[in-house]
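Student: Have a look at this one before I ask anything.
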Amino acid sequence: MEASKIPHMITISKAAELTGVSYSYIRNLCLTRQIVFVKTGCKYLVNLEKLVEFFNGEQCETLSNKE
């Protein structure tokens, strides 16, 4: 059985700090469902690996895009 990898989820603030992109831009990416995220209460947690893939120009398909 193949072990599944646990995604590295970070807050929008931390993502902005690590990438140098503004908080509002990353939040807008979440609101328009362009990146993979989870909303927990009022906090958004962004999948760091998928965010990096998005910035590198790779396609990112979220569950919401399938609906």
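Student: Which count do you get for residues in the stretch 1-18 that are polar (S, T, N, Q) and either under 13 Å from K43 (Cα atoms) or at pLDDT 95 or above (or both)?
Tutor: 2
Student: Does the stretch 1-33 hold any residues that are touching a helix residue (DSSP H, G or I) at 6+ places or on another chain (Cβ under 7 Å), on the phi < 0 side of the Ramachandran plot and assigned to a loop (DSSP other than H, G, I, E, B), and which are they?
Tutor: P7, H8, S22, listed by residue number.
Student: Scan the stretch 22-34 residue by residue and report those that are β-branched (V, I, T) and either free of Cβ contacts under 8 Å to residues at least 12 places away in the same chain or touching a Lys or Arg at 6+ places or on another chain (Cβ under 6 Å) (or both).
Tutor: T32
Student: How many residues does the stretch 7-50 contain that are surrounded by fewer than 12 Cβ atoms within 10 Å (Cβ to Cβ) and charged (D, E, K, R)?
Tutor: The qualifying residues number 2.
Student: For the stretch 2-34, give me each residue that is within 12 Å of V52 (Cα to Cα) and hydroxyl-bearing (S, T, Y).
Tutor: Passing the criteria: only T19.
The values are calculated or read from the model by the stated rules, or taken from the named source; none is laboratory data. Everything quoted here is computed from the prediction, not taken from an experiment. All Cβ positions, even for glycine, are placed from backbone atoms using ideal geometry, and neighbour counts span all protein chains on display.
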